[in-house]
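To keep things clear, I will list the structure first and then write my remarks on it.
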Amino acid sequence: MPAPLSLRIKEQYMAKRASGLSQQIAADALGISVRSAQRIDRGELQAQAQQQQRGRHWRKRADPLAEVWDSVLVPMLEKAPQLEPQTLLLHLEQVFPAQEWYRRKRTLQRRVEQWRALHGPAHDVMFLQTHQPGVLGISDFTVLKGQPITIAGVAFEHRLFHFRLPYSGWCHVEVTHGGESFVALAEALQNALVLCG
């Protein structure tokens with residue numbers, strides 16, 4: 001099949017031919033082959049925009065799994081969606097030994113893949129995070145739970161400031177007296193940034 005030409009090239013070629021140029025000169029002027037020019041003149045060469053990519057929507061042969069898909073395989077997949085096509089193929093060979101199921105392996109693999117996409121269990125969705133060096137630092141205050149820390153029998157009111165660089169995994173922990181305040185955050189963050197360089 002010849003490569004499709006754009007509608008613009010076809011129109012330019014037809015305009016040059018209408019102005020009286022020969023087929024060879026008009027084709028050379030546009031940088032197309034004489035053979036493509038002949039096809040344009042005969043109306044055989046459609047513009048790329050006019051060509052429709054048609055996929056086949058009919059079967060070329062009978063469905064090789066028609067007799068077992070709905071009655072045998074789908075109930076098995078509904079009970080155990082993790083079954084692999086190879087396992088289903090072995091089951092078919094045991095139940096119906098007279099048929100050559102190994103010839104239908106790829107068809108079975110495609111059919112199981114389609115079934116899982118439409119009817120199978122939902123997949124976990126993960127959003128990968130990519131960290132770049134020197135771009136992000138995360139921090140938070142943490143309260144330790146459990147036994148309170150005491151100094152000379154008096155409970156020590158404190159929080160831990162935790163700072164981490166996600167790219168390298170470097171972290172810094174600092175004890176802050178009292179609660180979460182702007183002063184505590186500013187001092188602890190400044191100390192962490194000085195230590196990480």
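Here is how the numbers come out for the structure above:
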item: Part-to-part distance (alpha-carbon centres) for the range 12-27 and the range 153-173, which is given in Å; result: 79 Å
item: Cα lying deepest toward the dipole's positive end in the range 56-197, options Leu136, Gly169, Leu83, charges on Cβ; result: Leu83
item: Amide H partners (placed H, <5 Å) of Trp170, local residues excluded; result: Leu165
item: In sequence order, calculated HN-Hα J values of the range 152-158 (Karplus, 6.51, -1.76, 1.60; Hz; x Gly/Pro); result: 6, x, 10, 5, 8, 7, 7
item: Cross-link reach list, lysines versus Lys60, counting only Cα pairs under 28 Å and skipping chain neighbours closer than eight places; result: Lys105
item: Filtered chymotrypsin sites (Phe, Trp or Tyr not before Pro), the range 96-169: DSSP coil and at most 16 other beta carbons within 10 Å; result: Phe127, Phe156, Tyr167
item: Accessible area of the chain belonging to carbon and sulfur atoms, whole % at 1.4 Å probe; result: 54 percent
item: In Hz, Karplus ³J(HN,Hα) per residue of the range 67-80 (6.51, -1.76, 1.60; θ = phi - 60°; x = Gly, Pro); result: 6, 10, 4, 6, 8, 10, 7, 4, x, 5, 5, 5, 6, 9
item: Structure-derived percent of Cα pairs over 30 Å apart - corresponding label in [x] 16; [y] 67; [z] 27; result: [y]
item: Computed magnitude of the charge dipole of the chain (debye, nearest 20; Cβ of K, R +1, Cβ of D, E -1); result: 1600 debye
item: Solvent-accessible area per residue, Å², over the chain with all protein chains present [probe radius 1.4 Å]; result: 76 Å²
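The values are calculated or read from the model by the stated rules, or taken from the named source; none is laboratory data. These numbers come from a predicted model, not from an experiment. All Cβ positions, glycine included, derive from the backbone under ideal geometry; neighbour counts span all protein chains shown. Note: accessible area is taken over every heavy atom of the protein model, side chains too, but ligands, DNA and RNA are not part of it. Shrake-Rupley method; radii C 1.70, N 1.55, O 1.52, S 1.80 Å.
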